[in-house]
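Below is one structure; the comments refer to it alone.
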Amino acid sequence: MNTPDNQNITIPFVYARGEFSACGKELADRLGTVFSDEIPQALFLRSDENGLSLVSGETAVSVDFSKLLRRTNQSNPHGELIVKAAKIKGNDNPTVIDATAGLGEDSFILAAAGFRVTLCEYNPVICALLEDGIERAKKTPGLSQAANRMTVYKGDSVKYMSSLKKSPDVVVLDPMFPERQKSALVKKKFQLLQQLERPCSNEEELLSAAIGVNPRKIVIKRPLKGAFLAGRKPDYSLSGKAIRYDVIFASQG
């Protein structure tokens with residue numbers, strides 16, 4: 001997400017032991033928070049052999065693109081709904097700004113299909129999770145090519161887009177909306193992330209910034225029966241079983 005209100009949310013402890021202690025201490029210094037080699041009682045970041053995770057009780061959230069291997073290694077990766085929505089005719093190497101990156105799954109799918117993606121994320125903890133997931137993916141066969149097409153921007157995507165001198169081909173918007181979460185596990189993970197990021201409260205500003213950067217397309221991920229973002233009717237939509245992608249042509253160039 002890009003919401004500046006997140007700066008008031010407490011950054012968790014960083015926990016690590018043994019060979020992962022140095023990495024944990026460096027991360028704690030970078031985030032301006034406390035390092036511990038004893039498991040904290042509250043929300044914390046854990047650094048171990050599986051990478052970086054955000055943990056609360058028995059619930060843990062990490063960025064693990066390996067679970068997308070089946071979808072990205074299929075014979076037709078361009079069959080993914082997000083890829084169909086973002087595709088630019090006649091452009092085999094389009095650029096994308098994911099202005100509400102979150103845990104980066106849609107961005108990874110786009111990168112696996114050949115898009116070059118800049119992932120904007122305001123919250124420093126989620127940024128750290130994203131960077132960790134991308135770095136691990138770069139070292140993993142089957143994931144590395146896509147991961148090398150991904151770049152994380154730490155900061156407010158509205159300000160980032162307003163500062164650009166060159167328009168991207170596509171802007172992707174996926175504000176956090178609780179009504180899309182279904183399973184108990186997903187709900188727990190969503191609630192965990194909500195301790196760091198609140199659902200989108202600046203829809204008009206976000207959409208205006210995306211239009212202002214003059215991309216060929218704006219692709220907006222929504223719950224299947226959810227309202228249009230900021231009340232703006234799209235040029236067309238692509239629908240799946242639980243979600244849809246609303247597409248706005250922001251530029252005719």
Practice task
Kindly establish whether Gln181 is modelled with pLDDT under 70, farther than 26 Å from Ser162 by Cβ and surrounded by 15 or more Cβ atoms within 10 Å (Cβ to Cβ).
Solution key: yes
Completion exercise
Within the stretch 69-86, restricting to residues that are of a type in the set (D, E, K, R) and free of Cβ contacts under 8 Å to residues at least 60 places away in the same chain, the one that is least open to solvent (accessible area, probe 1.4 Å) is Glu80
Problem - Residue check, Ala209 of a type in the set (A, V, I, L, M) and at pLDDT below 90 - result: no
Practice task
Return only the number of the condition from (1) in a loop (DSSP other than H, G, I, E, B); (2) in contact with a helix residue (DSSP H, G or I) (Cβ under 7 Å, 6 or more places away or on another chain); (3) closer than 26 Å to Arg17 by Cβ that Ala137 does not satisfy.
Solution key: (1)
Practice task
Determine whether Phe20 is over 19 Å from the mean Cα position of the chain (by Cα), in a helix (DSSP H, G or I) and among the aromatic types (Phe, Trp, Tyr).
Solution key: yes
Exercise for the section: Please indicate, with yes or no, whether at least one residue in the stretch 193-200 is modelled with pLDDT of 90 or more, under 17 Å from Val158 (Cα atoms) and surrounded by 13 or more Cβ atoms within 10 Å (Cβ to Cβ). Expected result: no
Handout entry: Filter result (under 24 Å from Ser167 (Cα atoms), in contact with a Ser or Thr (Cβ under 7 Å, 6 or more places away or on another chain) and not hydrophobic (A, V, I, L, M, F, W, C)) within the stretch 201-242
Key = Asn202, Gly212, Asn214, Pro215, Arg216
Handout entry: Elements of type strands (runs of 3 or more DSSP E) contained in the stretch 25-124, each with 3 or more residues being among the aliphatic types (A, V, I, L, M)
Key = 51-56
Completion exercise
Taking the stretch 27-68 and keeping residues surrounded by 15 or more Cβ atoms within 10 Å (Cβ to Cβ), out of contact with any helix residue (DSSP H, G or I) (no Cβ under 7 Å at 6 or more places or on another chain) and closer than 19 Å to Gly102 by Cα leaves Leu43, Phe44, Arg46, Ser53, Val55
Problem - Phe35 being under 18 Å from Ser144 (Cα atoms) and touching a Gly at 6+ places or on another chain (Cβ under 7 Å) - result: no
Handout entry: Which numbered condition Asp92 fails, given (1) farther than 25 Å from Ser53 by Cα; (2) of a type in the set (Asp, Glu); (3) modelled with pLDDT of 95 or more
Key = (3)
Practice task
Keeping to the stretch 87-120, report how many residues are open to solvent by 30 Å² or more (accessible area, probe 1.4 Å) and over 20 Å from Lys138 (Cβ atoms).
Solution key: 5
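The values are calculated or read from the model by the stated rules, or taken from the named source; none is laboratory data. Quick caveat: nothing in here was measured; it's all calculated off a predicted structure. FYI the Cβ positions are ideal-geometry reconstructions off the backbone, even for glycines, and counts take in every protein chain you see. Remember, those area values only see protein heavy atoms, side chains included, never the ligands or the DNA or RNA. Shrake-Rupley method; radii C 1.70, N 1.55, O 1.52, S 1.80 Å.
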